[in-house]
Amino acid sequence: MSLLEKIQVLDLKSFVDDRGELIQLFDRDLKIVRAYVVGNFDKNTIRGFHKNFEEWKYFYVLKGSVKFIIAENENNIKIIILSANKPQLLIIPPELWNGWKSLEDGSLLIGFSNRLMTNHKDERLEPFAFGKDIWEVKNR
């Protein structure tokens with residue numbers, strides 16, 4: 001089984017009433033020990049690539065939209081688009097290269113992790129390690 005098959009994109013429910021909106025990000029024991037918010041000022045800002053050896057990552061877009069590139073290697077790549085307009089939680093298991101690009105100015109996401117910054121192991125690659133064209137928005 002490919003590691004990419006372990007990636008999950010969970011559709012989240014939005015509960016709306018006259019008071020406003022509630023979106024529950026998760027309702028299970030994920031052993032989360034760290035949460036962080038990442039914002040990019042401009043669209044086209046790329047963050048990554050990172051490969052975490054023991055860390056599970058969970059991402060939710062609070063504002064805007066982002067394009068995630070997740071890869072085992074140069075021949076096995078998955079592209080996932082997340083948008084604040086469609087509530088979803090992306091779950092990335094360890095051992096996969098991952099990076100993301102803002103598709104809108106001011107995009108903002110919240111990340112969760114099962115590892116503290118002081119005890120996680122990772123490797124890094126430059127953003128175009130798997131080619132420049134994977135980051136392009138394709139006209140359809």
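Among residues of segment 6-24 being in contact with a strand residue (DSSP E or B) (Cβ under 9 Å, 6 or more places away or on another chain) and charged (D, E, K, R), the one that is nearest to Asn52 (Cα to Cα) is Lys6. The set of residues from segment 1-32 being over 16 Å from Tyr60 (Cα atoms) and touching a Leu at 6+ places or on another chain (Cβ under 6 Å) comprises Leu3, Phe15. Among the residues of segment 115-140, just one is of a type in the set (Phe, Trp, Tyr) and loosely packed, with under 14 Cβ neighbours inside 10 Å, namely Phe128.
Considering the conditions (1) crowded, with 17+ Cβ neighbours inside 10 Å; (2) out of contact with any helix residue (DSSP H, G or I) (no Cβ under 6 Å at 6 or more places or on another chain); (3) within 23 Å of Leu3 (Cα to Cα), Ser102 is excluded by exactly one of them, (3).
Every number here is computed from the coordinates shown, using simple stated rules; none is lab data. All values derive from a computational prediction rather than experimental measurement. Please note: Cβ atoms are built from the backbone with ideal geometry, for glycine as well, and neighbour counts cover all protein chains shown.
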